[in-house]
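The block underneath contains the structure these notes are about, expressed in structure tokens.
Read-outs throughout are calculated quantities, based only on the coordinates presented, and are distinct from any laboratory measurement. A quick note: this is a predicted structure, and the numbers were derived from the prediction, not measured. Neighbour counts run over all protein chains shown; Cβ positions are idealised from the backbone, glycine included.
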């Protein structure tokens, strides 16, 4: 099971700003190891962000995103106490979901 | 249980003495330091611990001067410079000026002699880490003076002329063994310490003195 | 890729004309560094470190919650800016990472020498780094205030000073070769003068830090290790006395500087 994401969600006026730090190697598949062999691609392909259970954002990522990616976005109409949930799926089919409460 | 390496002999005595208010003497502190170095550093890959524990007088004396905050005694400094000057190996084929294009590559490269470097690969000169040279290269350090227009400033229009000989020789000598001209220089002794080969030094001299080199444009 | 994460400003820096580049290179790098501040992956290591501290682990199946980092068992807040210091139970001056090894040994039954020989970033060594990151975070913003009241602390300062100025290796480098003068840089990397307080969040006050260029979390031990590697010195043992002495010298010189650890670096 991958390391947990760090999610910070803060209410700001009529929206909430969500910041997510994801723990992932994000191997592009273009690097070579010391022996000259390609290090296999291993990166997050899909992000799904939900607010109180409703999907508010989906994202498709590729190999250009680097290791331990940082994502920031805002959700209109989100209030303190609401729940924000982030899910990622990588190219190997592994997945991780974490949740936070908007402060 | 203390699993760390124990200090021996004088160091233990000195530290026991430290129960009293005063620090050990300068000489005792130097000894404690040397013993701590021996106990703390180790050989790794092709980097032998002797590089540190058996460093030469030039380094030892300059280190002591630096740590004390006092400049080296003039006579001692002169003696160090003479020793290093005598150790310079001049070009075996009498050619001082090499290829500036290869010289630029050598100056750009910082490879070699760390415990992660492959000893089979050519070492670099590390020059841009400390010096400006080709104006087109903006990623240069300021630990050493700018060498931009090095040959031009010194009026070297024909490096093979008799008039240029002193500058050409100084340039070779400085790269080969910087301490020959300044006992406690910050600059490595590229030839003397086996960092660069004779051919590589020749190419760097070319980079600095060839009128066609980008350094002199 | 549906969502571009490459900042516009960075693209602007990459496109800067060479004629203007000399003036704007430094500015561009500062802008890039400012952008990095939001979302420091060190947070991930901090969280991991806190979990490891509280988890029952090792042959003795115990947590580290009784570990004394200098202000009593389990006290974390404020200890980072007081290390290295003298510890009566081991009879020596220790830095944070050395002290973590002591506790992992006495409380949990781990073999500190085996951990010290493990590569940075793997196995228990990675766990030490994570815990060091968390402990440092608990002193974020506090000012360095190392003790020099014990005689051994004063000896270690003197030894550390000699180490700082010790020239050696194939290149005759000492720490002072790069960090002994004000206002110098190596390539485009500014070099703080470390013989005195270089300012808040600089030098000793900036590690542990997350390095974006290689995606690695580095504690002070790894920072010193890599300095020595680039100096072409032989290998300094992890948490060895020499590294602790050097840290005493740097830490005492940084008296009054505010710690920004865990920081983020290019």
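Structure values in brief
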read-out: Convex hull volume per residue for chain C, taking Cα atoms only, in Å³; value: 144
read-out: Percent breakdown of C-alpha pair distances by 10 Å bin, ordered from the shortest bin, for segment A:17-103; value: 16, 45, 25, 10, 4, 0
read-out: Tilt relative to chain B, helix B:26-40 - C-alpha long axis, 0 to 90 degrees, to 10; value: 80
read-out: Mean ellipticity per residue at 222 nm, deg cm²/dmol - from DSSP H runs of n ≥ 4 across chain C, formula -39500 (n - 2.57); value: -13000 deg cm²/dmol
read-out: Cα convex hull of the protein assembly as shown - mean projected area over all directions, nm²; value: 30.4
read-out: Residue with peak Gaussian network fluctuation, chain C [Cα springs, cutoff 10 Å], from C:86, C:210, C:32; value: C:32
read-out: Neighbouring partner chain Cβ atoms per residue of B:38-44, average, 10 Å criterion; value: 6
read-out: Reciprocal of mean inverse Cα separation for segment A:1-56 (Kirkwood radius, Å); value: 14.3
read-out: Separation in nanometres of the label points that stand 7 Å from Cα toward Cβ, at residue C:61 and residue A:80; value: 4.4
read-out: Neighbour-count order for B:161, C:98, A:85, fewest beta carbons within 10 angstrom listed first; value: B:161, A:85, C:98
read-out: Crossing angle, helix C:96-106 versus chain C [Cα axis fit, 0-90 degrees, rounded to tens]; value: 30
read-out: Estimated [θ] at 222 nm from DSSP helical runs (n ≥ 4, -39500 (n - 2.57)) normalised by residues in chain B, nearest 500; value: -12500 deg cm²/dmol
read-out: Rounded to 10°, Cα long-axis angle of helix C:18-36 versus longest principal axis of chain C; value: 40
read-out: Gaussian network model of chain C, springs between alpha carbon atoms under 10 Å - residue of C:195, C:118, C:24 with greatest fluctuation; value: C:24
read-out: Max mean-square fluctuation residue, GNM over chain C, Cα-Cα springs under 10 Å, options C:136, C:239, C:176; value: C:176
read-out: Spacing of the two label points (7 Å from each Cα toward its C-beta) at residue C:37 and residue B:93, in nm; value: 5.7
read-out: Exposure proxy ranking, count of Cβ atoms within 10 Å, fewest first, for C:167, B:111; value: B:111, C:167
read-out: FRET E, pair residue B:105, residue C:122, Förster distance 45 Å, beta-carbon r, rounded to 0.05; value: 0.80
read-out: Residues A:27, A:99 arranged by fewest to most Cβ contacts within 10 Å; value: A:99, A:27
read-out: FRET E, pair residue C:143, residue A:45, Förster distance 60 Å, beta-carbon r, rounded to 0.05; value: 0.85
read-out: Descending principal axes extents, chain B, alpha-carbon based, whole Å; value: 67, 40, 34
